[in-house]
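Accompanying notes for the structure given below.
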Amino acid sequence: MTHSPMLAMATATFEIAAAVWVLRGPGRRAILRTTGAILLLLAGYQIVEVAICSVAPGYGFLPRLAFMVVTWLPPLGILLVAQLLGPGARAARAFATSMFAFALGIVAWIAVDASFASLSVCNAVYARYDHPMPQFLVYSGFYWVGLLGLVFLSAYGAARPRDPHDGRLTKQVLTGAVSFLVPAMITSTFVPAAQGALPSVMCHFAILLAAFLVRLAHLERKETQGAEGDEPSPAFQ
């Protein structure tokens, strides 16, 4: 099937617009910056995949660049949850720091390993890649530790929030993570055209995560604006 870039470009456009909206709005800057970075990386993968399937022959550096882009997503997701858990969440912050350190090493490894990823085939929506084994098992292990860590940490934060507002925000992360992981795994397992294309499938379904991150930023903005509205005016101080 001929690859069509329209879905990927529409997804990237939404994610870039969402990132700009998030970063320009009121709220706690650390949380908004992390949220915006996740949205931009999701968009970045879509753009690279379009280039791989529509412009480039599918070999060379671009397939590796796609994996370098998404390598940072699990550490950023864990960092976002750690920020929502508050200053006392030392274990979550240490986990995020270790994931960033591993991500840096993996990105450096992918950059110098020309055999890490090459395009197998692009169908209408998804791209499949070929990888050397067992090297790709290391990458997969890192990625799934990050994704499962994100789910479990956000579930913990949603169940035991430091305050109701941060609990609501953490629920957005949890719901967003589950909403794209479950259908991505089902699709890549049972849809013939998507079998073997789990990285690409996950990034397409991650628009659901992006939508919940926009919801997170909306709740943060609403809370900030409400707090500002509750402050007494200078004439009454």
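Laboratory data are not the source of any read-out in this text; all were calculated from the coordinates shown. Bear in mind that the values here come from a model prediction, so they are computed numbers and not experimental data. Heads up, the Cβs are rebuilt from the backbone with ideal geometry, glycines too, and the neighbour counts pull from every protein chain shown.
Scaling against 2.2 N^0.38 Å puts the C-alpha radius of gyration of the chain at 1.08.
What order, most packed first, do the peptides 136-145, 12-21 have when packing is the mean number of other Cβ atoms within 10 Å of each residue?
12-21, 136-145
Where nothing but the Cβ of Lys and Arg (+1) and of Asp and Glu (-1) is charged, how large is the charge dipole of the chain around its Cα centre, in debye to the nearest 20? Charge dipole of the chain: 280 debye, to the nearest 20.
Note on the range 5-75 and the range 137-216: Cα centroid distance 16 Å, given to the nearest whole angstrom. Averaging the sequence gap over all C-alpha pairs within less than 8 Å and six or more residues apart, then dividing by the number of residues, gives the range 6-224 a relative contact order of 22 percent.
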